[in-house]
Each structure stands twice: as structure tokens, then as C-alpha cells.
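The following block contains the structure, expressed as C-alpha cells.
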Amino acid sequence: MEELLELAFRSKTIRTLCEVEAAAEKRLGKEVATALRARLADLDAAASITEVIAGRPRLNPRKQKYIIELAGSFVLTISANHVKNPMDNSGRIRWDSVTRIKVDAIGEGND
């Protein structure tokens, strides 16, 4: 069986927003909270972040983090979360080999 992505959270606040629907709706609004639940479900079902299509995931190469659109101007920021992240010869994260990710931020912003 294929190993699926393992999610972690940068803080208890972010974990609560991701796991408690009422908290997300109160803080982010219903539309963003609904999109957040959908994107988290996509991540939960994927073996690699490179398999995720919804939310127009894109790599911020400068920060080596993924940005996933939620609703309006809100985005989800994801980082690799291995003790030793898989890297290529040029020192960049090999995202197709990452199986542990961390939700770093949920908020308004761009890359």
C-alpha cells in the first residue's frame, strides 16, 4: 500500500483551525473554512504534494515551501517536515519524495 502524506502543524492554533470546523469558520469565514477542509482532505489522500491539483499548488522556490490557494486571497503554506528532508544535488527539496509535511500558515497573502 502506498504511503500517504503525514500532516503536522506549526502551532496549536493552526491545528485547531485545521481540525475544528467551528473555529475555522469563526476566524476565517465560512468560504475559506470550507476550502481549507477540502484542501486538507486532498492532502490527506495524496502520497505526495505533487499529486495535489486543487487550489493551484505552487512552489515558492525562494522559501522552498508550497502555497495552496483557499478562497479569496487566503492561502495555505506548507513545508517539508522530515528530520532530514529529501534533497537533490543542487540543495533543493525533492517534493516528489516528501511524505511528511507541515502546515506553516493559513492566511491572506501571496508568495
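Coordinate-derived values only; no laboratory data. Predicted model only: the values in this text are computed from it and were never measured. Here the Cβ positions follow ideal geometry from the backbone for every residue, glycine too, while neighbour counts run over all protein chains shown.
Any residue at all in segment 11-25 that's among the β-branched types (V, I, T) and either under 20 Å from M87 (Cα atoms) or touching a Lys or Arg at 6+ places or on another chain (Cβ under 7 Å) (or both)? Even if it seems obvious, please write down each step before you answer.
At the first step, the residues of segment 11-25 found to be among the β-branched types (V, I, T) are 13-14, 16, 20.
Applying the additional criterion that residues be either under 20 Å from M87 (Cα atoms) or touching a Lys or Arg at 6+ places or on another chain (Cβ under 7 Å) (or both) yields none.
Checked against the condition, which is being among the β-branched types (V, I, T) and either under 20 Å from M87 (Cα atoms) or touching a Lys or Arg at 6+ places or on another chain (Cβ under 7 Å) (or both), segment 11-25 yields no hits at all.
Here is a follow-up. Are any residues in segment 37-85 hydrophobic (A, V, I, L, M, F, W, C), surrounded by 16 or more Cβ atoms within 10 Å (Cβ to Cβ), out of contact with any helix residue (DSSP H, G or I) (no Cβ under 9 Å at 6 or more places or on another chain) and within 20 Å of E21 (Cβ to Cβ), and if so, which ones?
Of segment 37-85, the ones hydrophobic (A, V, I, L, M, F, W, C) are 38, 40-41, 43, 45-47, 49, 52-54, 59, 67-68, 70-71, 74-76, 78, 80, 83.
Within this subset, residues satisfying the condition of being surrounded by 16 or more Cβ atoms within 10 Å (Cβ to Cβ) are 40, 43, 46, 49, 52, 59, 67-68, 70-71, 74-76, 78, 80.
Now drop any that are not out of contact with any helix residue (DSSP H, G or I) (no Cβ under 9 Å at 6 or more places or on another chain), which leaves 46, 67, 75.
Residue satisfying the conditions is V75 alone.
Let me spell it out: the conditions are (1) without any contact (Cβ under 8 Å) to a residue 40 or more places away in the chain; (2) aliphatic (A, V, I, L, M); (3) touching a Gly at 6+ places or on another chain (Cβ under 8 Å), and L76 meets all of them except one. Which number is the exception?
Unmet condition: (1).
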